[in-house]
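Since the structure comes first, as structure tokens, the remarks are kept for the end.
The values are calculated or read from the model by the stated rules, or taken from the named source; none is laboratory data. Since this is a predicted model, take the numbers as computed values, not measurements. Don't worry about glycine lacking a Cβ; one is built from the backbone with ideal geometry, like all the others, and counts go over all protein chains shown. Ligands, DNA and RNA are excluded from the accessible area calculation, which covers all protein heavy atoms including side chains. Shrake-Rupley method; radii C 1.70, N 1.55, O 1.52, S 1.80 Å.
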Amino acid sequence: MKILVINPNTTTSMTDKVASAARAVARPDTEIVAASSLDGPASIQGFLDVATCVPGLLKEVAQHMDVDAIVIACFDDTGLDAVRTLVSVPVLGIGEAAYHAASMIANKFSVITTLSRSVPGLENNLMRYGLAQKCGGVRATEIPVLKLEEGDPATLNKIRSEIRVAIEQDNAEAIVLGCAGMADLMAQLSEEFGLPVIDGVAAGITFAEALVSNKLSTSKIGAYSYN
């Protein structure tokens, strides 16, 4: 099968990181096609970025109509409903995938994300997915998205600090990494803290493979119909 992993922002280094994370978990017979939006913000941090990146996202998706599934590699699940309306193949957001994965392996999880202004959108999504009561909290590290691309040890230490607080104060039994730019940290942090640390890119790929294998597609009766 062929899965499109699309980064709705224009930062290609983040797309490369996402592609590596996707290929690390994909089945041997799964082809990962990674793409970036050509128009839009360099990073997605809050409601305005979410809105302004959607036209570029839809334009890029339209160039890949031969894929079997699509994973939108933005933790805000940017443009998810619009893309599901545009295509008939399964479409997953990495936030949605990570939340559902966490809910299936832990009684309570916390989300570690970037800036405080991103928190309300993530909380809204948790309520929409019916998973807010499973989430102990959405915690901001105050790390800008593009700072994650620099590999600064101080950045990783801020993430570690928020994970400790989530475990101690939220009683979190699993941690969800709330940004595609954190995709390369899952294994390291899982080992360090001795609990599941979930990356939405990995979860999104494996869920997408399962949907395709079960011959499931996006329903075109009702909300996602298009004519």
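When a 1.4 Å probe is rolled over the protein heavy atoms, the share of accessible surface on region 162-206 that falls to carbon and sulfur comes to 46 percent. In loop segments of region 139-227 as defined by DSSP, the chymotrypsin sites (Phe, Trp or Tyr not before Pro) with at most 11 further C-beta atoms inside 10 Å of their C-beta are TYR226. Can you check what the Kirkwood hydrodynamic radius comes to for region 1-113, Cα pairs only, in Å to one decimal? Its Kirkwood hydrodynamic radius stands at 14.4 Å.
Rounded to the nearest 20 debye, the dipole size of region 92-227 about its Cα centre is 540 debye, using +1 on the Cβ of Lys and Arg and -1 on the Cβ of Asp and Glu.
Each Lys and Arg contributes +1 and each Asp and Glu -1, all at the Cβ; summed about the Cα centre of the chain, the dipole is approximately 440 debye. Once you divide the Cα radius of gyration of region 110-185 by 2.2 N^0.38 Å, the number left is 1.06. Length gained on full extension, ARG128 to LYS2: 42.5 nm, using 0.36 nm per residue less the C-alpha separation. A straight Cα-to-Cα reach below 27 Å connects LYS215 with the lysines LYS2, LYS59, residues fewer than 8 places away in its own chain not being considered. Remark: the SER116-SER161 segment gains 14.6 nm on full extension, using 0.36 nm per residue and subtracting the alpha carbon distance. The alpha carbons of region 170-227 occupy a box of 49, 25, 22 Å along the principal axes, longest dimension given first. Taking Cα atoms only, the orientation of helix 12-25 departs from the longest principal axis of the chain by about 90 degrees.
The angle between the Cα long axis of helix 200-213 and the longest principal axis of the Cα atoms of the chain comes to about 40 degrees, rounded to the nearest 10.
Against the longest principal axis of the chain, how steep is helix 153-169, in degrees 0 to 90 to the nearest 10, with axes from Cα atoms? So the inclination is approximately 80 degrees. Label-to-label distance, ILE221 versus MET104, with points set 7 angstrom from Cα along the beta-carbon direction: 2.5 nm. The lysines whose alpha-carbon is closer than 17 Å to the alpha-carbon of LYS134, local same-chain residues fewer than 8 away aside, are LYS108. Taking max minus min of the alpha-carbon positions on each principal axis, region 97-227 gives extents of 49, 31, 29 Å, largest first.
Which residues in region 1-25 have a backbone N closer than 20 Å to a point placed 7 Å from the Cα of ASP39 along the Cα-to-Cβ line? Flagged as within label range: 6-12. Straightening the chain between GLU31 and ASN171 buys 46.6 nm, computed as 0.36 nm per residue apart minus the Cα-Cα spacing. Overall, the anisotropy analysis places region 31-91 in the prolate class: the square-rooted eigenvalues a ≥ b ≥ c of its C-alpha gyration tensor yield a/c not less than 1.5, with a/b exceeding b/c. Think of region 139-209 as having a plus end and a minus end, set by charges on the Cβ of Lys, Arg, Asp and Glu; of PHE193, ILE205, ILE143, ILE143 sits farthest toward the positive end of this dipole. For a Förster distance of 25 Å, can you work out the FRET efficiency between the beta-carbons of ALA210 and ALA24, rounded to the nearest 0.05? Between ALA210 and ALA24 the formula returns 0.90.
On a per residue basis, region 34-165 carries 40 Å² of accessible surface, using protein heavy atoms and a 1.4 Å probe. At 222 nm, what value in deg cm²/dmol follows for the chain if DSSP H runs of at least 4 each add -39500 (n - 2.57) and the sum is divided by all its residues, to the nearest 500? Taken over the chain, the calculation gives -13500 deg cm²/dmol.
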